Amino acid sequence: MIRVGHSWDTHKLVEGRRLILGGVELDSPVGLLGHSDADVVLHAVAESFLGALALGDLGSFYPDNSDKTLNMDSKIILKECYQRVIDNGYRVNNIDLTIYSQEIRISPIRQRIRESIAALLSLDIDQVSVKATTWEKMGFVGRGEAIACEAVCLVESMPKKVYGRKLMETR
């Protein structure tokens, strides 16, 4: 069986926060506002996994009013959602991302984001696609107020012999 998951996430850019995209911390005077570390890229990927499994949204598992999730590392969120994919008998075929950012240029870090996500999930680099675009100075992204990310994933049933294996620790 093949299933598709889709997600969209956005976080406001503010001063005084770290900017982390796809598990890659950038040197920037602004960062993303959120209850966790606000990695909009990893949030979109994690929620696309939940969508593929029909498990709901990220807030159902990681509420933004919980002390447990305050300043949570989004790498943990991603790995836990990926573990749900495995535990439900699936594996990730591929992930396709589009990052929407006017001010922060993605092209210089695109490969680092791909490598980061692939390493976190023990995937081959060619299973992770990262694209980026601006909003041509329109809307909240175009005004440089936020960064958004859209993620699509394809998951497929695993053969019984590997069903239930645990995600290997990486880095």
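Laboratory data are not the source of any read-out in this text; all were calculated from the coordinates shown. Nothing here was measured: the structure is a model prediction, and the numbers come from that model. Cβ placement follows ideal geometry from the backbone for every residue including glycine, while neighbour counts extend to all protein chains displayed.
Structural remarks
- Residues in segment 115-132 include at least one that is assigned to a strand (DSSP E or B) and of a type in the set (S, T, N, Q).
- Test: Ile147 is crowded, with 21+ Cβ neighbours inside 10 Å, touching a Cys at 6+ places or on another chain (Cβ under 8 Å) and under 17 Å from Ser7 (Cβ atoms): no
Residue by residue, here is whether (1) within 21 Å of Gly31 (Cβ to Cβ); (2) touching a His at 6+ places or on another chain (Cβ under 6 Å); (3) without any contact (Cβ under 8 Å) to a residue 40 or more places away in the chain; (4) not hydroxyl-bearing (Ser, Thr, Tyr) holds:
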| site | (1), (2), (3), (4) |
| --- | --- |
| Ile99 | yes, no, no, yes |
| Ser116 | yes, no, no, no |
| Ile125 | no, no, yes, yes |
| Val128 | no, no, yes, yes |
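- Conditions (1) under 22 Å from Thr133 (Cβ atoms); (2) free of Cβ contacts under 8 Å to residues at least 60 places away in the same chain; (3) in contact with a Phe, Trp or Tyr (Cβ under 9 Å, 6 or more places away or on another chain): number failed by His35: (1)
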